[in-house]
Each structure stands twice: as structure tokens, then as C-alpha cells.
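To start, the structure itself, in C-alpha cells.
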Amino acid sequence: MVVKIKSIGILGMDTFDVTVETDISRGIPSFDIVGLPDASIKESRDRVRSAVRNGGFEFPTKKIVINLAPADVKKFGSIYDFPILVSILVANGIINKDLNDCAFIGEISLAGDVRPINGVLPMAIQAKQSGIKNFLVPKENASEGAVIEGINIIPVDNINEAVDFLNGRVKISPAKPAKPNTNIPNFDIDFSDVKGQMSAKRALEIAACGGHNILLIGSPGSGKSMLAKRLPTILPNMTFDEMIETTKIHSVAGILEKDSPLISQRPFRSPHHTVSSAGLSGGGTIPKPGEISLAHNGVLFLDELPEFHKNVMEAMRQPLEDGQITISRVSASLTYPCSIMLIAAMNPCPCGYFGHPTKKCTCTRKNVLAYLSKISGPLLDRIDLHIEVPPVGFKDLSSIKKSETSAEIKKRVDAVREIQNERFKNTGIKCNARITSAFLAEMCPMSDDAKSALQKVFDILGLSGRAYDKILKVSRTIADMDNKEVIQQEHIYEAVQYRSLDKKYWQT
Ligand SMILES: Nc1ncnc2c1ncn2[C@@H]1O[C@H](COP(=O)(O)OP(=O)(O)OP(=O)(O)O)[C@@H](O)[C@H]1O
Ligand SMILES: [Mg+2]
């Protein structure tokens, strides 16, 4: 007799149904697993055998063949221990219930405990789509699975408990759905902490309104890191779909916190400049998401940009554009989403004072150029707003006047995002920064003045095609902030001003 038990497979973010088929027949005792398993699945045999015995059950001394169907898809990890064990217990007559509407996932310890795994949230979504009613998962992962409604996520601690539950001897209540935290996030930092810096604040507000990438350049202590860290406090709240998308990535990476299984605040990831290429882009034998994907729907902050390894910076070029990253390894080629806002901060030279109004820069011309050239032209081109953060004056610093709070700025950002939501209905586009070239002309109408202004600037500055697109998108955001449907000349001029710093620093 062949026993069939349902499970769910996962490769990166892609999930698929798996059926664990078990055939126990007479013959020389053996235990084989087929169906493209990797080494860790082969080790399942030892874990399952010990767990069955340590659970007080008899392990069949017969010829056992397990097939993980579909047999042509590679399967990794120890996640199939639990369904394999259940299928053996069913074949052995220890579990005697119809399990057609159940699916199982989890690693099993030698003692029979069901141990936590990564990726339960995307698996729960798949299980629900496949019509599964009860999804038995490791207890530690239950809260993240319960984010999905319409499927019972049954938390299981050990195999004895699972057997009693399946045979109807004990009841296990499904995990309670986690309520998203839709309250306005509570930050312990606020824009009102930053004195002066009005033009930098304006640029950050534009970036937040349109989801644009931004680079802050300035001397040490001018408040760049301080400003960047306050960006999340003015970003719009996440939608439920965005929460699920981001949580799925964190689930696959195995970094979800048990107490807050649903990520309801936009992620703010700030990897140190020593981060490796794999750490930023994703990697490993079976590639896991990197910082850029963990920041999906949120902010990636690269402080001290020139200190990052060149290959790390360059690896970001394509994903910044596409909003997704593909990592290829021998074992698999996986794609993770990474729709992010990039915010980078840097000094203009090694000593930090190049272009400073009062302090003298001690670097040689060559050193300055070598420092700046660490940021390649193509990467710079992908950053929509370049702004200078000048040193704060004593007058600003000592002023007791409270500046605008994050809540006040956020209110305006929310209103501008509302205009964009209306504009992008049914297009799949989320914000101005992500307008595709197909929609660019239609969504960014310009007045005649604006058109000729842009043309003039294009000729004088010798802009790239990409810079042209970026200026247009930033102008779109500035026009939205001004509540204007048609982009006016002044919107173009302001947007251009945020692209002229590369002239001052990089091409002097
Ligand atoms: N505009 C400002 N308002 C209030 N405090 C400020 C301001 N700018 C700087 N500071 C103070 O200076 C400290 C250093 O600022 P910050 O770390 O943001 O500088 P930075 O520009 O990132 O410098 P570096 O280039 O050395 O990284 C802040 O923690 C804050 O106490
Ligand atoms: Mg800093």
C-alpha cells in the first residue's frame, strides 16, 4: 500500500505542493528517499528512525521507499522530516485517520520534538491556495503562519502530541491570527531633533513623497546620519499586502521575531560598510535574501558610502532598477524582490572638509578624486536626489525654536501618496520613482515652459537618458506636492538642482 501525505516545498520565495509517498513492502529492511533530495534530506532517515523509536512507536523492519513528488524539483533542508515521519506512522497503522485535508512541515529532533524552520509564512499561503484545511507546523513558527486567515495553523510541539491530535485523542487549537499593528509607529527619534538643515529636510520629504533614492554629502558632524535615520518616521504606513510581502522575505531568511510575526513597520536596514556582496545581495549554497531584499518596501541606508567594497556597490545597480535580484548558485537560481528606497551618506573627501565654507581641506586633489571615484558614474546616476548637507551654524544649533515634527511632515507625505495611489490604480506601480517608461510621458505632462527648461538643462548638463527620466519623476513628485497635475517650470528647476552636485564634486 502506498501512503500519500501532503507537504509544501519552498525554493527562495517560490512555493509548491509536495506529496510524500511511502511504500512499505516485504524484503530486506532498508529506508530510501528518492525525488531529488539533497544531503540534508537523506539525513532525515536517521532522525525519523530515532524519533519514531524514542516516541515509543515501532519502526517497521521492512523495505521502505519514500518518494518526494514532484520528483523533478530539487528539494532542500530538513523540513520534510515531519511529513515523512507521519507517512511512516500512517503506513504502520499508528495513525488511522484520513489526512487528505492536512499538510505537514517541520524538522524533527532525535527525541521527537518538532523543530522550527524558515519560510512558514509563504508555505501557509501555498497550503491555503491548495485547499489544505489544517497545516501542522512547528510550534515556534505557528504565529507567523497564522497571519494568513482561512487555514488552520496547528502548532505542534512533538510527535506524540501530533499522533494524539491526528487520532482525535487530544485537541490543539489553531494558532490565533496575528493582528497587524496598524497604529502609527512609535519612534524614539523625530525630525524636530534636527536643527536647521531646511534644504536637506525638504529633499528628504521629496524622497519620501515619491519613493526616490537620495545621497547626502557633507562634512563630518553636519547631521547626515542623523537625518537619514529619521527618514522612516515620515514614510507612509505599510499596506497589508506590503506587510505580507516583506514578512515573507524575513520568514525565508529566518529572522522573524516570534512575538511580532507580522512586519508592520517599513524596514530600515543599515548594513555596516564591511558587508560582503553576499550579505548585501543575498547568497549561500541555497541563496538566502540579503540586506537589499530584507529592506523590501522600506529603506536601505548605506552610511559612509565610499567605504563599501566596490563590488558590493556595483552589485546593487541592476536590483535598484528592477526592484528584484536574482542570485545564481550551482544548486539553484533564486529571485527575491527588493523594491527599496536607497539613502546613502558620505563625506566629500578623506579628511571630510572638501567644499567646506570655513575649514580647509587637507587632501590633495588626487586624493579627493580617488575618494569620489569609488562611487561609479552608473551608481550615481541611479540616485535621484543628490544633496549637500552644509555644517549647521551656531545660530541654528543654539536656537530653542522647535522645528517641524515628523508627524507634521508625514501628514503631507501621506497626502502626496494619496494622489499617487489614485494615479497608479490598476498599473502595479507604487510611487513616482517607479513609473515605467511606458507610462512616463502620459503620467508626467509638462507645460511648454517646463519642456523648454528641461531641454535647455539637458543640453547644458549633458544628461544621460536615465538622468532625464529621473529628473522628470522627481519633478512629478514636486508637482504633486504643489498639487499641480501638469509639471511646471519651477518643478523642473528644483528637480535639476538635486542633480547638479555631481558636477560640483565629481567633475571638477
Ligand atoms: N542639524 C543638527 N541639529 C542637531 N544636532 C546636530 C545637527 N547636526 C549634527 N548634530 C549633532 O552632531 C552629531 C553628529 O551628527 P551625525 O552623526 O549625523 O553627523 P554626520 O554628518 O553623519 O557625520 P560623519 O560624516 O562624521 O558621519 C549628532 O548626533 C548630533 O548630536
Ligand atoms: Mg555619519
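How many residues, within segment 445-461, are outside any helix (DSSP H, G or I) and either under 12 Å from V496 (Cα atoms) or in contact with an Asp or Glu (Cβ under 9 Å, 6 or more places away or on another chain) (or both)? Talk me through it step by step, then tell me what you get.
Of the residues in segment 445-461, the ones outside any helix (DSSP H, G or I) are 445-447.
Pick out the ones that are also either under 12 Å from V496 (Cα atoms) or in contact with an Asp or Glu (Cβ under 9 Å, 6 or more places away or on another chain) (or both) and you get 445.
Of the residues in segment 445-461, 1 are outside any helix (DSSP H, G or I) and either under 12 Å from V496 (Cα atoms) or in contact with an Asp or Glu (Cβ under 9 Å, 6 or more places away or on another chain) (or both).
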- Pick out, from segment 364-415, the helices (runs of 4 or more DSSP H) lying fully within it that include 1 or more residues that are within 16 Å of ligand 2 (Cβ to nearest atom), surrounded by 15 or more Cβ atoms within 10 Å (Cβ to Cβ) and in contact (Cβ under 8 Å) with a residue 60 or more places away in the chain. 365-372
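Would you call L397 within 19 Å of A345 (Cβ to Cβ) and of a type outside the set (K, R)?
Details: within 19 Å of A345 (Cβ to Cβ): no; of a type outside the set (K, R): yes.
Criteria not met by L397.
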- Message: Under 7 Å between Cβ atoms, which residue pairs at least 6 apart in sequence (or on different chains) link something in segment 69-87 that is over 23 Å from F59 (Cα atoms) with a partner that is among the aliphatic types (A, V, I, L, M) and part of a loop (DSSP other than H, G, I, E, B)?
- Response: A71/L36; D72/L36; V73/L36; K74/L36; K74/A332; K75/L36; F76/I286
- Query: Would you pick out the residues in segment 204-229 that are under 14 Å from H356 (Cβ atoms) and more than 6 Å from ligand 1 (Cβ to nearest atom)?
  - Reply: I217, S219
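Being among the aromatic types (F, W, Y) and under 15 Å from I159 (Cα atoms) is true for just one of F16, F82. Which residue is that? Give the derivation first.
Details: F16 fails: under 15 Å from I159 (Cα atoms).
Exactly one residue qualifies, and that residue is F82.
One line per residue, one yes/no per condition, for (1) among the aliphatic types (A, V, I, L, M); (2) more than 30 Å from F76 (Cβ to Cβ):
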position: A315; (1), (2): yes, no
position: L320; (1), (2): yes, no
position: S339; (1), (2): no, no
position: T358; (1), (2): no, yes
position: S373; (1), (2): no, yes
position: I383; (1), (2): yes, yes
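Output the residue which, of all residues in segment 52-70 that are of a type in the set (A, V, I, L, M, F, W, C) and in contact with a strand residue (DSSP E or B) (Cβ under 7 Å, 6 or more places away or on another chain), is surrounded by the most Cβ atoms within 10 Å (Cβ to Cβ). Working first, answer last.
We begin by selecting, within segment 52-70, every residue of a type in the set (A, V, I, L, M, F, W, C); these are 52, 57, 59, 64-66, 68-69.
Next, only the ones that are in contact with a strand residue (DSSP E or B) (Cβ under 7 Å, 6 or more places away or on another chain) stay: 64-66, 68-69.
Details: I64: 25, V65: 16, I66: 27, L68: 24, A69: 14.
Checked segment 52-70; the qualifying residue surrounded by the most Cβ atoms within 10 Å (Cβ to Cβ) is I66.
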- Note on the structure: By residue number, the members of segment 132-169 that are in contact (Cβ under 8 Å) with a residue 24 or more places away in the chain, among the acidic types (D, E) and either assigned to a loop (DSSP other than H, G, I, E, B) or surrounded by fewer than 21 Cβ atoms within 10 Å (Cβ to Cβ) (or both) are E140, E149, D157
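Condition first: outside any loop (DSSP other than H, G, I, E, B) and over 18 Å from S437 (Cα atoms). Now tell me which residues in segment 462-491 satisfy that. Show your work before the answer.
We begin by selecting, within segment 462-491, every residue outside any loop (DSSP other than H, G, I, E, B); these are 465-481, 487, 489-491.
Those that are outside any loop (DSSP other than H, G, I, E, B) and over 18 Å from S437 (Cα atoms): I478, A479, D480, M481, Q489, E490, H491.
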- Note on segment 327-355: residues farther than 17 Å from L372 by Cα and surrounded by fewer than 20 Cβ atoms within 10 Å (Cβ to Cβ) are S328, R329, V330, S331, A332, S333, T335
- Note on the structure: Selection over segment 190-219 where residues are in contact with a Pro (Cβ under 9 Å, 6 or more places away or on another chain) and within 16 Å of ligand 2 (Cβ to nearest atom) yields a count of 5
- Query: Across segment 82-131, what is the total count of residues that are in a strand (DSSP E or B) and of a type in the set (G, A, S)?
  - Reply: 1
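Would you pick out the residues in segment 16-39 that are out of contact with any Gly (no Cβ under 7 Å at 6 or more places or on another chain), crowded, with 19+ Cβ neighbours inside 10 Å and part of a strand (DSSP E or B)? Please lay out each step first, then the result.
First, the residues of segment 16-39 that are out of contact with any Gly (no Cβ under 7 Å at 6 or more places or on another chain): 17, 19-39.
Checking which are crowded, with 19+ Cβ neighbours inside 10 Å leaves us with 20, 22, 24, 31, 33, 35, 37.
Those that are out of contact with any Gly (no Cβ under 7 Å at 6 or more places or on another chain), crowded, with 19+ Cβ neighbours inside 10 Å and part of a strand (DSSP E or B): V20, T22, I24, F31, I33, P37.
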- Query: Only one of (1) in a loop (DSSP other than H, G, I, E, B); (2) touching a residue at least 24 places away in the same chain (Cβ under 8 Å); (3) over 30 Å from S222 (Cβ atoms) is not met by I419, so which one is it?
  - Reply: (1)
- Query: Within segment 355-363, can one find any residue that is closer than 30 Å to Y493 by Cα and touching a Pro at 6+ places or on another chain (Cβ under 6 Å)?
  - Reply: yes
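C351 - would you say it is farther than 18 Å from R382 by Cβ, of a type in the set (A, V, I, L, M, F, W, C) and either assigned to a helix (DSSP H, G or I) or touching a Phe, Trp or Tyr at 6+ places or on another chain (Cβ under 7 Å) (or both)?
Details: farther than 18 Å from R382 by Cβ: yes; of a type in the set (A, V, I, L, M, F, W, C): yes; either assigned to a helix (DSSP H, G or I) or touching a Phe, Trp or Tyr at 6+ places or on another chain (Cβ under 7 Å) (or both): no.
No: the conditions fail for C351.
Read-outs: derived from the displayed coordinates by stated rules, not from any lab. A quick note: this is a predicted structure, and the numbers were derived from the prediction, not measured. Neighbour counts run over all protein chains shown; Cβ positions are idealised from the backbone, glycine included.
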